[in-house]
Ligand code: P6P
C-alpha cells in the first residue's frame, strides 16, 4: 500500500492560507512576503558562496564579469530594495544601511505598507562562516504623505502587521509571524523553495537552561545586571543549578536558538552604550513580536519592546528576549537597581 506523501507546504501556499484569515486582504501584503522570500533565496546563494569568492580569487574590487564586488551587506540591502521598489506594495522603506528613509523611485507606484529591515545582520562574522541573518518588520502606512514619510516608519512595534527573519546557517530558514503564530520554513536548494518545517513555533516551557550575553561587557554593567548573571551562574544562593552560556555574537543566530530551545538572550545597556547596541525598529521590535507570538517576551529590561514609541530611525535599545519567566526575572533584578538609593543620598 503506498503511503500518502506528507503534504509539502511551500511558503507561498502558507502565505495564501494566512491571507484567507483576513477576508479584507487585498493580496498586497502577501506579495510583500513573497518578494522577501525571493530576496532571501538570492541572498542565501551569495552568502553560501562567500568563502568560495576568496578561493576563486574573487576578492579584487572588480569580479570576472567586470562588476563591482559589493560587500555582502550592501549587496543584500540592494537585493531587498530592488525586490520591493517596483510592485506598488510599499510607500517607503528604511534600512540599517541607510541613514534616511528610502523613497520608492518616482517611476513606480507606491502602496500602503512600510518595510523596515536589517539586510544582513552580523555580517562581520561571515569570514568565520558564522550564521548571519536578515531581519524585517512590516507596518501599514499611516501618514497623509502621498509617497510615505518618516512618520510611517516611526511606529511602535505592537503596530507591526508582520515580522520575521532569515537565518543563513547550516541551512537557510525563514521565520515569520503575521500575528497568527510563528512559522518556520527551510530552504530546499534542490528545488529553490522554502518548505514549512517548523509550524507554530512555541518557546519551550520549561526551556533549556541557556543564557546568551557578551560577558566581556561585565565591567560596564549595572549591579542589577551583574546580580542577574550571578544568579544564572549559580553564584547566587537562589539558584543551585547553573545555566549554560551560549553566545554566537550574531543576533539572528542567538535569537533563533533561543526561540527553538528556550532561555534568554540579552544585550544590556552599559556605561559605554547607555541605550544598548541593538536597534529598536528593525532588530528589537520584529524579534520581540516573534518572541511574544511564540509565548515569550521582549523588553528593554523594564518595558515591553513592542510598547516603545520610536523617536528616530536608528535608535538603540537594551534588549532582553526569550522565555517569559527569565525576561521577567531579569526585569526584577534590574528594578532593584532603579529602586536602590544612590550612595550618599539620605545616608
Ligand atoms: P558584541 C553583530 O555585529 C551585532 O550587531 C549583532 O548581530 C550581535 O548580537 C551583536 O552585534 C554582537 O555585539 O558587542 O557582543 O560583539
In segment 180-214, residues that are in contact (Cβ under 8 Å) with a residue 12 or more places away in the chain and outside any loop (DSSP other than H, G, I, E, B) total 15
Condition check: assigned by TED's automatic domain parsing to the domain that holds residue 222, surrounded by fewer than 24 Cβ atoms within 10 Å (Cβ to Cβ) and under 23 Å from residue 119 (Cα atoms). Does residue 244 satisfy that?
no
Heads up, the helices (runs of 4 or more DSSP H) in segment 215-323 (entirely inside) with at least 3 residues that are within 13 Å of the ligand (Cβ to nearest atom), within 22 Å of the chain's Cα centre (by Cα) and touching a residue at least 24 places away in the same chain (Cβ under 8 Å) are 251-261
When segment 199-214 is checked residue by residue, the ones that are surrounded by 15 or more Cβ atoms within 10 Å (Cβ to Cβ) and in contact with a strand residue (DSSP E or B) (Cβ under 9 Å, 6 or more places away or on another chain) are 201, 202, 203, 207, 208, 209, 210, 211, 212, 213
Reported set for segment 101-129 where residues are touching a helix residue (DSSP H, G or I) at 6+ places or on another chain (Cβ under 7 Å) and within 16 Å of the ligand (Cβ to nearest atom) is 116, 117, 118, 119, 120, 121, 122, 123, 126, 129
Check whether at least one residue in segment 221-230 is surrounded by 14 or more Cβ atoms within 10 Å (Cβ to Cβ) and under 29 Å from residue 168 (Cα atoms), and report yes or no.
no
The number of residues in segment 159-179 that are within 16 Å of the ligand (Cβ to nearest atom), at pLDDT 95 or above and assigned to a loop (DSSP other than H, G, I, E, B) is 0
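The values are calculated or read from the model by the stated rules, or taken from the named source; none is laboratory data. Values in this document were obtained by computation on a predicted structure and should not be read as measured data. Positions of Cβ are backbone-derived with ideal geometry, glycine not excepted, and every protein chain shown enters the neighbour counts.
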